[in-house]
1. Working only within the stretch A:105-118, note down all residues that are touching a residue at least 12 places away in the same chain (Cβ under 8 Å) and either buried (at least 24 other Cβ atoms within 10 Å of the Cβ) or at positive phi (or both).
2. Within the stretch B:10-35, how many residues are under 14 Å from residue B:59 (Cα atoms) and open to solvent by 50 Å² or more (accessible area, probe 1.4 Å)?
3. Got a sec? Which helices (runs of 4 or more DSSP H) wholly within the stretch B:106-191 have at least 1 residues that are in contact with a Pro (Cβ under 7 Å, 6 or more places away or on another chain) and at the interface with chain A (Cβ under 7 Å from one of its Cβ atoms)?
4. For residue A:174, which of the numbered conditions (1) in contact with a Lys or Arg (Cβ under 8 Å, 6 or more places away or on another chain); (2) closer than 30 Å to residue B:119 by Cα; (3) buried (at least 17 other Cβ atoms within 10 Å of the Cβ) fails to hold?
5. Only one of (1) over 14 Å from the mean Cα position of the chain (by Cα); (2) over 25 Å from residue A:130 (Cα atoms); (3) without any contact (Cβ under 8 Å) to a residue 60 or more places away in the chain fails for residue B:174. Which number is that?
6. Give the residues of the stretch B:130-158 that are within 30 Å of residue A:120 (Cβ to Cβ) and open to solvent by 10 Å² or more (accessible area, probe 1.4 Å), sorted by residue number.
7. Only residues that are hydroxyl-bearing (Ser, Thr, Tyr) and touching a Ser or Thr at 6+ places or on another chain (Cβ under 7 Å): list them for the stretch A:1-60, please.
8. For the stretch A:34-55, how many residues are more than 22 Å from the chain's Cα centre (by Cα), assigned to a helix (DSSP H, G or I) and within 26 Å of residue B:107 (Cα to Cα)?
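The values are calculated or read from the model by the stated rules, or taken from the named source; none is laboratory data. It should be emphasised that the depicted structure is a prediction, and the values quoted were computed from it without experimental measurement. Using ideal geometry, Cβ is built from the backbone for each residue, glycine included, and neighbour counts are taken over all protein chains shown. In case anyone asks, the SASA skips ligands and DNA or RNA and just uses the protein heavy atoms, side chains included. Shrake-Rupley method; radii C 1.70, N 1.55, O 1.52, S 1.80 Å.
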2 protein chains.
Amino acid sequence: MPKVPPRTQMVITAARLFQRNGYCATSWRKLVGTSGAPWGSTQHYFPGGKEQLGVEAIELAGANVARLIEASFANTGSPGEAIQWFFSNSAGRLSKSGFRDGCPVTTVALETVPGSRRMSTACAAAFSLWRDTFARGFIGCGLDHGVAQDWANTVLASFIGALVLARVQQSIEPLDRAATHVSLSLRSAPA
Amino acid sequence: MPKVPPRTQMVITAARLFQRNGYCATSWRKLVGTSGAPWGSTQHYFPGGKEQLGVEAIELAGANVARLIEASFANTGSPGEAIQWFFSNSAGRLSKSGFRDGCPVTTVALETVPGSRRMSTACAAAFSLWRDTFARGFIGCGLDHGVAQDWANTVLASFIGALVLARVQQSIEPLDRAATHVSLSLRSAPA
């Protein structure tokens with residue numbers, strides 16, 4: 001496997017630490033130490049410090065989740081099945097991590113708004129990307145553009161909320177229930 | 001107006017600061033300073049320190065939101081209207097605070113799980129209280145027990161998620177859209 005460049009490794013590490021522990025509780029020292037990057041190079045890689053690294057970590061996490069949303073439509077045959085697949089995949093990851101790997105954006109978003117405009121913009125962009133990716137998936141399944149947008153909003157809010165509940169309850173039940181309820185409603189959605 | 005006892009004032013202040021800035025970014029010094037409580041008495045009031053104060057702040061916030069949910073059913077005539085009322089009331093509060101007063105539990109919950117079992121338990125209990133209050137409201141409107149539970153889960157996840165989105169986007173639109181979509185779906189729910 002090709003070696004990951006140290007700058008990229010720092011972004012990957014930051015995304016994981018922010019997802020698990022949040023933005024405030026993750027110090028620059030911890031970020032550098034965990035990534036294994038040489039101290040001397042970090043200022044060169046990220047002259048904007050923790051905020052710059054944070055923005056890139058959120059962009060990475062945003063793109064990763066968007067790819068999962070795309071996969072959920074590619075691997076299934078209907079809007080309802082795609083939602084079940086996506087929620088179930090997320091539930092599996094959460095459970096496998098001992099209920100530590102929740103949403104990679106929500107905690108950071110809530111901690112940095114309105115204090116850091118750059119972080120807030122990155123978090124809002126990640127959420128928008130997910131919403132648009134859901135909408136594109138629904139449109140690809142034949143849903144009307146407006147209906148697809150409505151469902152994309154609904155699914156995104158349900159997903160973010162259910163993931164908060166699942167993490168706090170240390171149980172995948174909220175994700176399972178949200179997926180089932182949304183999928184059932186989607187079946188009766190006008191095309 | 002009767003003077004609020006200093007211990008109660010500390011809990012009220014803590015609930016407000018945690019809601020705005022999260023748990024990590026709110027220091028004990030800030031909590032004591034903002035509440036105006038005499039330094040000497042704080043250890044006496046809260047021998048368990050920030051965690052004990054945090055648990056009581058979450059309990060207070062949980063009870064306040066549950067009262068709002070009850071009011072949403074008392075002030076309206078149907079499940080759909082109750083949801084519209086509740087989301088609209090929450091949107092009004094968020095907007096009035098300059099998009100600072102988001103969910104009083106979510107940020108703290110994500111920051112303290114799994115690090116503090118006492119905080120996680122308090123946050124999970126607040127979410128359960130809201131879910132049960134929604135379910136009781138739906139049952140009071142004539143919905144079947146199981147259907148009411150399902151809708152309570154759906155509404156709770158949508159509310160938590162939409163409030164995250166509204167705060168990050170600095171717009172009440174996600175709450176408006178979630179309320180409209182959930183209310184419409186509720187109208188076609190079996191009783």
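1. A:105, A:106, A:107, A:108, A:109, A:111, A:112
2. 2
3. Fully inside the stretch B:106-191 and qualifying: B:117-140, B:145-169.
4. For residue A:174, the failing item is (1).
5. (2)
6. B:131, B:153, B:154
7. A:13, A:23, A:34, A:35
8. Total meeting the criteria: 1.
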